[in-house]
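Beneath this line is the structure, given in structure tokens, with notes to follow.
The values are calculated or read from the model by the stated rules, or taken from the named source; none is laboratory data. Bear in mind that the values here come from a model prediction, so they are computed numbers and not experimental data. Methodologically, a virtual Cβ is constructed for each residue, glycine included, from the backbone with ideal geometry; neighbour enumeration extends over all protein chains shown. To get the accessible areas, we keep the full protein, side chains included, count just its heavy atoms, and leave off ligands, DNA and RNA. Shrake-Rupley method; radii C 1.70, N 1.55, O 1.52, S 1.80 Å.
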Amino acid sequence: MPELYDSVAYLYDGTSEGLFSAIFAAYAAHEDPSEVVRERDYQPRLMERAAFIKTDEAHAERVLAGIRRTLGAYTRRSVLHASLSGNPHAGTAVYRFVRHAMVHPVKRSLDDIAHPAVKPLHDILRTLSQECEHIRQFARFEHLKDEKSEVWFAKVNPKDAVVPLVMDHFVDRFSIQPFILYDEVAQMAGVWDGRSVRFVDAEGLSLLLPGITADEALMQEAWRTFYRTMSVDARYHPELRRHFMPMRFWSNLTEMKPSLGGLAHTR
């Protein structure tokens with residue numbers, strides 16, 4: 001009987017554990033899937049079978065342990081970071097790299113960026129690094145408080161799920177002050193309680209938080225006034241500003257929100 005399919009695609013749930021579970025499954029089944037992709041990103045192809053791989057944390061940890069043992073901690077950290085990318089091809093890039101690097105084990109496998117199994121992962125890591133820097137620059141925390149709770153809160157909308165990668169940066173700066181960094185795209189929040197970091201599913205989080213304090217409202221207005229005052233009309237360059245401050249971040253920037261008097265600085 002002729003084979004019905006020419007290839008197989010492995011689908012996973014979109015988590016890092018799901019991706020590495022799929023890589024484990026490929027080795028266990030002695031298969032070489034044509035792609036490893038999040039279920040929501042999958043585009044069916046003719047003559048391709050789709051197999052959903054159930055997430056198994058033990059399997060994922062075995063893959064990561066094997067990568068560390070064979071390729072080193074730096075490579076393990078790099079592929080784990082890449083699994084957070086919003087790029088729909090990230091899963092395939094991680095799988096192809098791991099498959100190549102485990103056959104040709106070199107501690108600095110990622111340095112061989114000319115290799116077709118390395119370059120896609122290298123490009124994804126570069127994009128992730130840029131997105132992390134954007135969040136460090138453009139996260140705007142505000143002071144929220146009511147009778148029951150008090151916290152500093154920032155809402156961000158990154159292309160990649162980079163909140164876990166930037167939490168240490170903000171922990172160093174907030175020290176013992178509790179804060180929440182909320183990714184409204186991934187519906188996930190990093191929470192620092194002054195002692196430890198945890199990550200939580202956070203759908204609808206904004207609706208559960210207290211309002212901003214009077215001092216915070218005053219400081220936000222002062223910042224907007226300063227921002228407008230420092231603007232030099234003769235040097236206005238909208239294209240350059242959009243390059244360094246992408247418009248997708250503007251909705252969460254204090255200086256771009258309407259003032260208390262109802263006037264927005266839109267230029």
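A few comments on the model shown:
- Test: residue in the range 42-53 that is part of a helix (DSSP H, G or I) and at negative phi: no
A quick yes/no check of all residues on (1) touching a residue at least 60 places away in the same chain (Cβ under 8 Å); (2) not in a loop (DSSP other than H, G, I, E, B):
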site: 5; (1), (2): no, no
site: 8; (1), (2): no, yes
site: 14; (1), (2): no, no
site: 23; (1), (2): yes, yes
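- Residues that are over 19 Å from the mean Cα position of the chain (by Cα) and at pLDDT below 90 within the range 175-203 comprise 175, 176, listed in sequence order.
- Index of the failed condition, residue 234 passing every other in (1) of a type outside the set (Phe, Trp, Tyr); (2) open to solvent by 90 Å² or more (accessible area, probe 1.4 Å); (3) touching a strand residue (DSSP E or B) at 6+ places or on another chain (Cβ under 9 Å): (3)
- Complete set of residues in the range 237-258 that are hydroxyl-bearing (Ser, Thr, Tyr) and surrounded by 13 or more Cβ atoms within 10 Å (Cβ to Cβ): 254
- Residues within the range 26-39 that are open to solvent by less than 20 Å² (accessible area, probe 1.4 Å) and either more than 14 Å from residue 50 (Cβ to Cβ) or in a helix (DSSP H, G or I) (or both), tallied: 1
- Of the residues making up the range 40-68, not one is of a type in the set (Val, Ile, Thr) and loosely packed, with under 13 Cβ neighbours inside 10 Å.
- Residue-level check: of (1) open to solvent by 30 Å² or more (accessible area, probe 1.4 Å); (2) at pLDDT 95 or above; (3) of a type in the set (Ser, Thr, Tyr), residue 95 misses just (1).
- Pairs with Cβ under 8 Å, 6+ apart, first in the range 222-236 and of a type in the set (D, E, K, R), second open to solvent by less than 80 Å² (accessible area, probe 1.4 Å): 224/254; 224/255; 224/257; 224/259; 224/265; 228/265
- Restricting attention to the range 114-172 and to residues that are assigned to a helix (DSSP H, G or I) and of a type in the set (Lys, Arg), the residue that is farthest from residue 198 (Cα to Cα) turns out to be 119.
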